[in-house]
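The values are calculated or read from the model by the stated rules, or taken from the named source; none is laboratory data. Everything numeric here is computed off the predicted structure, so don't read it as measured data. Every residue, glycine as well, gets a Cβ built from its backbone with ideal geometry; the counts of neighbours run over all protein chains shown. In case anyone asks, the SASA skips ligands and DNA or RNA and just uses the protein heavy atoms, side chains included. Shrake-Rupley method; radii C 1.70, N 1.55, O 1.52, S 1.80 Å.
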2 protein chains.
Amino acid sequence: MVEQELSTEKVILEAAKKVFLDKGFDGARMQQIADEAGINKALLHYYFRSKDKLFDAIFEGAFMQFLPNISQVMVSDIPFAEKIRAIVGHYIDMLLENPYLPVFVIRELQRTPEKIIALIKKTGINPESANQMVQKEVADGKIIPISFTHLIVNLIGLCIFPFIGRPIIEGFMFNSDKDAYHKFIMERKTLVADFIINALQIK
Amino acid sequence: MVEQELSTEKVILEAAKKVFLDKGFDGARMQQIADEAGINKALLHYYFRSKDKLFDAIFEGAFMQFLPNISQVMVSDIPFAEKIRAIVGHYIDMLLENPYLPVFVIRELQRTPEKIIALIKKTGINPESANQMVQKEVADGKIIPISFTHLIVNLIGLCIFPFIGRPIIEGFMFNSDKDAYHKFIMERKTLVADFIINALQIK
DNA sequence: GTTTAGTTTAACCATTTGGCAAAATTAATA
DNA sequence: TATTAATTTTGCCAAATGGTTAAACTAAAC
């Protein structure tokens, strides 16, 4: 038989993701997840023994989404400036679709840092190729001397802060004008890339 | 008579600040705060009727500390580049002394955004003078066209992300080498300012 | 018709917030 | 100094919250 509707497990995972993303582990309630999924609390435990296990089931995916995939773009055969534009553009697009992701990851990063470091290491992500790519640009005199770490920290910081600080930016700087905030984010897709490219340029 | 030791209220506030900063409202426990203060749990309720009230008592101060004081520097009579250096330098110094502050504020900003927007508005902070200052630089052709909002969002994002992302940067990029992380932050005091100044320069 | 997976109801129980009255301490007054 | 009043602190417990489990029920599969 064809399952036309989502399986219970999927429904739970989706509900859990929604609630955990919004409230964080400490703020989330099993009851709220059950309500969101349209089932009862006990069923959550039938599928995922505990709150912790349920959380783990959604966390890895969410966290992986959070990490920008730098390496792929960095080793591709396009000019350096285009690489920056591509990474920033894709990353901000992802953030537009998952605006709660940064706050969620940051919160959990503070709660269980070791667990998350272990997760990154497990994935085998390796910044070495991207690092060498950047250092070659530096050596060739194409960009100012800067370590890969500083560069990537700058890039991510510039991309995520508008999402992290949304309440302040939208509520205070834009007097709760949602459209103004959205326009602001859209502007940043090119503005941030240009900002970085300009900052890296040698005078 | 001279009170050589801190009053009970101060001790409680300090303990509360420490625990709330680390764990957030949802993660903090009254018992833990009492332990930290070396007093009885009931005494917390005697001084501050509820967890909410105790939280409010520490929040405003913490939040105000988080906001960089831009206006003061912006209207001062020094070259624009020096203003950027001053703001970034002071802000990173403050973050070095209060490394948990950004995550704390971000977490609570997500939990009760309205409350915090109201708080900012209450303080009467006004970005207008700083805004005009920046727009004059733009009009005079000293820097590229950029809105004050984009500029300040860039600046804050560049400053706070290394603190927010510390576990990843220190644990993953620097293989848990604390000294390397600290050196990295120190480098950023000048690097971030230079990065911004360079990015704003017209070619 | 028996077994099994999925689901619900109901309850349990640990944790945590918060209230209250008594005890202890400090300050004020006779 | 003794007494009284006010403040601070403690121990204890009520109430609520929230994660977890047990038991019962349903429906599908064999």
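Report, in degrees rounded to the nearest 10, the 0 to 90 angle that the Cα long axis of helix B:178-200 makes with the longest principal axis of chain B.
40 degrees
For chain B, what is the relative contact order in percent, using Cα pairs closer than 8 Å and at least 6 residues apart in sequence?
Details: 138 pairs, mean separation 42.7, N = 203.
About 21 percent, as a whole number.
Within 10 Å of each Cβ of B:130-139, how many other protein chain Cβ atoms are there on average? Before the final figure, lay out each step's value.
On the way: counts 0, 1, 0, 0, 0, 0, 0, 0, 0, 0.
So the per-residue partner count for this stretch is 0.
Would you list, by chain and number, the lysines whose Cα falls below 16 Å from the Cα of residue A:23, excluding same-chain residues fewer than 8 positions away?
Output for residue A:23: A:51, B:23.
Under a cut-off of 18 Å between alpha-carbon atoms, report the lysines in cross-link reach of residue B:203, not counting same-chain residues fewer than 8 places apart.
In chain and number order, the partners are A:142, A:203, B:142.
To one decimal in nm, how far is residue B:123 from the same spot in the other copies, if labels go 7 Å from Cα toward Cβ? Please give the shortest first.
Counterpart label points of residue B:123 in the remaining copies fall at 3.4 nm.
Partner chain Cβ atoms within 10 Å, averaged over the residues of B:170-176 - can you pull that number for me? Walk me through the intermediate numbers first.
Working: counts 2, 8, 7, 8, 1, 2, 2.
Mean shielding count: 4.
Farthest toward the dipole's positive end in the protein assembly as shown, which of B:197, B:152, A:98, given Cβ charges of +1 (Lys, Arg) and -1 (Asp, Glu) about the Cα centre?
Checking the options against the dipole of the protein assembly as shown, the answer is A:98.
When ligands, DNA and RNA are left out and all protein chains stay put, how many square angstrom of accessible area per residue does the stretch A:67-200 have with a 1.4 Å probe?
On the way: 5680 Å² over 134 residues.
The answer is 42 Å² per residue.
Could you work out Rg/(2.2 N^0.38 Å) for the stretch A:92-145, with Rg from alpha carbons only?
Values: Rg = 16.1 Å, N = 54, 2.2 N^0.38 = 10.0 Å.
The reported ratio for this selection is 1.60.
Computed over the Cα atoms, what is the radius of gyration of the stretch A:56-137 divided by 2.2 N^0.38 Å, N being its residue count? All intermediate terms of the calculation are to be shown ahead of the outcome.
Values: Rg = 14.3 Å, N = 82, 2.2 N^0.38 = 11.7 Å.
My calculation over the Cα atoms of the stretch A:56-137 gives 1.22.
If you place +1 on the Cβ of every Lys and Arg and -1 on the Cβ of every Asp and Glu, how big does the dipole about the Cα centre of the protein assembly as shown come out, in debye to the nearest 20? Please list the in-between numbers first.
On the way: 48 positive and 50 negative charges, 40 e Å.
Value, rounded to 20: 200 debye.
Could you work out the helix-only [θ] at 222 nm for chain A, with each DSSP H run of four or more residues adding -39,500 (n - 2.57) and the total divided by the number of residues, to the nearest 500 deg cm²/dmol? Display every interim value, and only then the final one.
Working: 11 runs with 148 residues, N = 203.
When only DSSP H runs of four or more count, the value is -23500 deg cm²/dmol.
At q = 0.21, 0.29 Å⁻¹, what log₁₀ I(q)/I(0) does a Debye calculation on the Cα points of the stretch B:8-60 give, no solvent, two decimals?
-0.60, -1.26
Relative to the longest principal axis of the C-alpha atoms of chain A, give the angle of the C-alpha long axis of helix A:148-164, reported between 0 and 90° and rounded to the nearest 10°.
Once rounded, one gets 50 degrees.
Provide the buried accessible surface between chains A and B in square angstrom, both chains summed, 1.4 Å probe, rounded to the nearest 100. Show your work: numbers first, answer last.
Values: alone 12330 and 12340 Å², together 19950 Å².
For chain A against chain B, roughly 4700 Å² becomes buried.
Filter the trypsin sites (Lys or Arg not before Pro) in the stretch B:44-81 to those in DSSP coil with at most 16 other Cβ atoms within 10 Å of their Cβ, and list the result.
Sparse-neighbourhood loop trypsin sites (Lys or Arg not before Pro): B:49.
First compute the accessible area of the protein assembly as shown with a 1.4 Å probe, then give the percent of it belonging to carbon and sulfur atoms. Could the numbers behind the result be given before it?
On the way: 10730 of 19950 Å².
After summing per-atom areas, the C and S share lands at 54 percent.
Stokes-Einstein diffusion coefficient for the stretch A:88-203 at 25 °C in a medium of 0.890 mPa s, Rh from the Kirkwood formula over Cα pairs: what value in µm²/s?
Details: Rh = 16.2 Å.
Rounded, D is 151 µm²/s.
Taking only the C-alpha atoms, wrap a convex hull around the protein assembly as shown and report its volume per residue in Å³ as a whole number. Spell out each step's value before the answer.
Details: hull volume 76.7 nm³, N = 406.
So the per-residue Cα hull volume is 189 Å³.
What ratio of Cα Rg to 2.2 N^0.38 Å holds for chain A? Working shown, then result.
Details: Rg = 20.0 Å, N = 203, 2.2 N^0.38 = 16.6 Å.
Scaled against compact globular proteins, the figure is 1.21.
Would you mind working out the magnitude of the charge dipole of chain B relative to its Cα centre, with +1 at each Lys and Arg C-beta and -1 at each Asp and Glu C-beta, to the nearest 20 Debye? Mind dumping the intermediate values first?
Values: 24 positive and 25 negative charges, 94 e Å.
Roughly 460 debye for chain B.
For a Förster distance of 51 Å, can you work out the FRET efficiency between the beta-carbons of residue A:98 and residue B:77, rounded to the nearest 0.05? All intermediate terms of the calculation are to be shown ahead of the outcome.
Working: r = 44 Å, r/R0 = 0.87.
E(calc), rounded to 0.05, equals 0.70.
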